[in-house]
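The values are calculated or read from the model by the stated rules, or taken from the named source; none is laboratory data. Treat the numbers as computed from the prediction; the structure is a model and nothing was measured. Cβ atoms come from the backbone with ideal geometry, glycine included; neighbour counts cover every protein chain shown. These accessible areas exclude ligands, DNA and RNA; they are computed on the full protein's heavy atoms, side chains included. Shrake-Rupley method; radii C 1.70, N 1.55, O 1.52, S 1.80 Å.
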Number of protein chains: 2
Amino acid sequence: VGLRDEILEQPDAVRRLLAGSRSTIERIAAAANRRRPTFVLIAARGTSDHAALYAQYVFGIRNSLVVALATPSALTLFGAHPALDGALVLGISQSGRSPDIVAVLEEGRRQGALTVAVTNDGASPLAGAADEVVELHAGVERATAATKTYTSQLFAVGLMSAALEGGDHDRGASAELADVGGWLEQALTVEPQAERLAGQDYELSQCVVLGRGYDYATAREWALKLQELAHVMALPFSAADFEHGPLALLEPGFRVLAVAPSGRSLDAQLPLLRRLQVEHAASLVVVSDSAAARGLGQGLNLPSGIAEWLTPLVSIVPGQLFAYHLTRAKGLDPDRPRTISKVTETR
Amino acid sequence: VGLRDEILEQPDAVRRLLAGSRSTIERIAAAANRRRPTFVLIAARGTSDHAALYAQYVFGIRNSLVVALATPSALTLFGAHPALDGALVLGISQSGRSPDIVAVLEEGRRQGALTVAVTNDGASPLAGAADEVVELHAGVERATAATKTYTSQLFAVGLMSAALEGGDHDRGASAELADVGGWLEQALTVEPQAERLAGQDYELSQCVVLGRGYDYATAREWALKLQELAHVMALPFSAADFEHGPLALLEPGFRVLAVAPSGRSLDAQLPLLRRLQVEHAASLVVVSDSAAARGLGQGLNLPSGIAEWLTPLVSIVPGQLFAYHLTRAKGLDPDRPRTISKVTETR
């Protein structure tokens with residue numbers, strides 16, 4: 001079992017999570033709706049931090065909750081005790097074993113906040129530190145680079161959002177969540193296209209990766225896969241932040257990857273993506289509407305009809321497949337990235 | 001007047017701010033201490049977003065306040081109305097003219113939150129949208145790349161922290177703030193060293209930039225200067241996040257810049273910085289204790305004795321000077337970066 005198998009397992013993994021988490025999610029929602037959190041604090045690192053970024057948009061847009069991303073070193077190195085009594089405190093970690101993430105949950109619990117762990121290991125220290133545990137049931141993830149646990153983490157965030165007040169049950173969130181498995185299956189059919197483009201791109205050594213709104217998280221996660229698997233110096237930016245300075249990096253032939261599925265973030269990114277073409281950047285764009293995306297560069301296609309708020313669950317798939325095949329095209333081993341290990345314990 | 005003049009102006013700029021902002025800061029502190037904000041929300045982009053990152057650590061560690069960084073597109077593209085009624089809402093922007101940042105302040109005001117603008121233009125839309133305005137008095141900033149307004153923004157954050165409850169007046173915060181001008185003057189004496197190292201480094205095209213704790217903001221800001229001025233693909237990371245994956249980029253000769261002044265963040269970064277040397281990375285490290293830093297790579301020296309929480313005001317100076325001289329060593333014009341303009345209006 002290797003990285004590619006785990007990428008292909010993603011439809012099953014989210015279906016298992018949907019089936020196995022109903023009572024936990026209901027309990028969390030009941031507790032949260034009773035306490036009415038003033039804000040959400042999320043502690044996470046690496047790939048899990050990108051699930052936290054996604055949660056920032058989902059809870060902000062759909063549940064009217066401000067989400068703060070924790071700075072764990074404020075607690076572990078500087079002894080801070082940020083006021084958390086009215087908060088919902090989430091820790092997201094595949095292994096559940098990084099001491100700094102556990103420390104944030106412990107502080108929340110000490111102050112009486114509602115604490116929730118999202119982890120693939122229900123017996124981990126993170127799970128032990130939380131009031132409630134959303135276990136991902138993604139199965140053991142053997143590859144160092146996280147893929148199926150990432151989409152499962154996003155799915156857990158989506159389940160929580162749908163169950164919380166303001167989460168729009170009535171507008172069909174549950175039905176949309178049930179569709180994710182099917183969308184993931186369709187998205188996986190992009191593999192031959194991703195393999196072909198990656199094969200042409202075997203010299204890719206640096207690029208920026210752009211996204212906006214919900215899919216800013218996707219840009220960050222795609223960049224991380226390219227860094228850790230294919231040793232690409234991939235700089236992720238929100239498309240808006242990119243215009244505030246880093247745009248100066250642009251020169252003819254400059255490589256840009258972008259996540260631009262149809263919807264409000266595509267409209268907001270279009271002027272920039274068109275400008276990149278005018279300046280002769282070489283773009284590769286994840287799109288769900290090949291007509292709207294015409295003239296933006298080479299395309300990696302998503303299935304159409306995905307609910308906008310759930311797009312990041314699906315739009316990372318072409319990115320994972322591209323990173324996997326690029327790694328192989330470069331003669332590297334996607335199952336054994338150099339220098340890093342599966343569980344990283346930072347303090 | 002060019003970029004270098006504005007770098008050299010920084011000691012005067014913070015002294016002007018200290019002298020000119022007393023009554024505003026006192027009014028903000030009185031209002032905040034009366035309302036006891038449940039959390040802080042900060043809207044900012046580009047360089048100003050790095051001042052927001054600094055504020056995340058300062059308010060978190062010294063004032064026990066959780067700081068959330070706003071995702072303006074949630075409001076402007078998706079029509080979100082995140083709950084802000086108990087919050088302190090800050091907008092940080094040199095020009096005060098980016099519509100998405102203004103939108104966050106307007107939403108805060110509509111919900112009755114205490115809103116504060118930190119800007120170099122007291123007549124800007126951002127200033128008009130806020131209850132209180134901390135005007136930076138940094139003087140017109142002509143260079144596209146922000147330098148003196150960045151350190152002035154950090155200083156404004158420091159002033160607010162010292163005046164808010166829990167801000168440790170008694171433990172000498174005011175005296176420490178008064179020392180910043182002198183520390184900046186000392187830091188500027190590193191210029192010949194920065195110029196020499198930049199001259200040797202004229203082929204630098206990609207690197208990572210590491211920092212942790214308060215100086216994570218410095219790593220981000222240094223990377224942005226290198227991107228926009230010297231066209232370096234500079235990837236910033238918190239040293240802890242770097243270990244969760246991107247460490248795989250490491251190979252012999254890999255370029256690492258690090259911000260590692262003495263204090264708790266240096267202790268936490270030392271094992272990683274030593275490992276980088278063992279793996280034959282080529283490091284350039286901003287340090288305040290050359291003995292502690294021995295064996296970590298080439299050093300850029302800071303004055304010693306800087307209060308740890310105010311270090312980022314000073315530790316960016318060698319980074320600015322290095323970026324300026326690297327730009328010149330590459331034959332580029334630091335006063336006219338390509339492609340970008342001084343005021344960026346994102347929606």
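Numbers below:
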| quantity | calculated |
| --- | --- |
| Chain A: C-alpha pair distances exceeding 33 Å, % | 25 percent |
| Range of Cα positions in region B:68-167 per principal axis (Å), largest first | 35, 34, 21 |
| Region A:284-333-region A:163-225 distance, computed between alpha-carbon centres (Å) | 7 Å |
| Solvent-accessible area per residue, Å², over region B:73-225 with all protein chains present [probe radius 1.4 Å] | 31 Å² |
| Residue-averaged beta-carbon neighbours from other chains (10 angstrom radius) around B:61-70 | 6 |
| Accessible surface of chain B, 1.4 Å probe, proportion on carbon and sulfur as whole % | 46 percent |
| B versus A: buried accessible surface, summed, Å² (probe 1.4 Å, to nearest 100) | 5500 Å² |
| Using a Förster distance of 30 Å, the FRET efficiency for A:Asn33-B:Arg34 (Cβ separation, nearest 0.05) | 0.50 |
| Cα centroid separation - region A:16-69 against region A:232-247, whole Å | 27 Å |
| Teacher prompt: A:Ala30 distances to equivalent labels in other copies, 7 Å Cα→Cβ, nm | 4.9 |
| Most to least packed among A:331-344, B:90-103 [average Cβ atoms within 10 Å] | B:90-103, A:331-344 |
| Region A:1-121: C-alpha pair distances exceeding 20 Å, % | 47 percent |
| Amide proton proximity set for B:Gly91, modelled H, under 5 Å, gap of 5+ | B:Ala43, B:Val116, B:Ala117, B:Val118 |
| Two-decimal ratio, the protein assembly as shown, of alpha-carbon radius of gyration to 2.2 N^0.38 Å | 0.89 |
| Heavy-atom surface of region B:1-56, accessible at 1.4 Å and reported per residue (Å²) | 39 Å² |
| Rounded tilt (10° steps) of A:22-35 against the dominant C-alpha axis of chain A | 70 degrees |
| Rh by Kirkwood over Cα pairs, then Stokes-Einstein D for region B:176-286 at 1.306 mPa s and 10 °C, µm²/s | 108 µm²/s |
| Entries in A:Lys148/A:Lys330; A:Lys342/B:Lys225; A:Lys225/B:Lys330 that, when Cα-Cα distance is taken, lie over 28 Å | A:Lys342/B:Lys225; A:Lys225/B:Lys330 |
| Neighbour net charge for A:Leu302 - beta-carbon separation under 11 angstrom, K R +1, D E -1 | -2 |
| Two-site label geometry, A:Ser174 and B:Asp85: point separation in nm, points 7 Å out along Cα→Cβ | 2.9 nm |
| Cβ-vector label at 7 Å, B:Leu270, separations to other copies in nm | 5.6 |
| Order by protection proxy (mean Cβ within 10 Å, highest first), peptides A:313-324, B:259-270, A:267-278, B:317-328 | A:313-324, B:317-328, B:259-270, A:267-278 |
| List of region A:32-46 residues, accessible area with partners at least 40 Å² below that of the chain alone (1.4 Å probe) | A:Thr38, A:Phe39, A:Arg45 |
| Inter-copy label distances at B:Asp179 (7 Å, Cα→Cβ; nm, one decimal) | 6.1 |
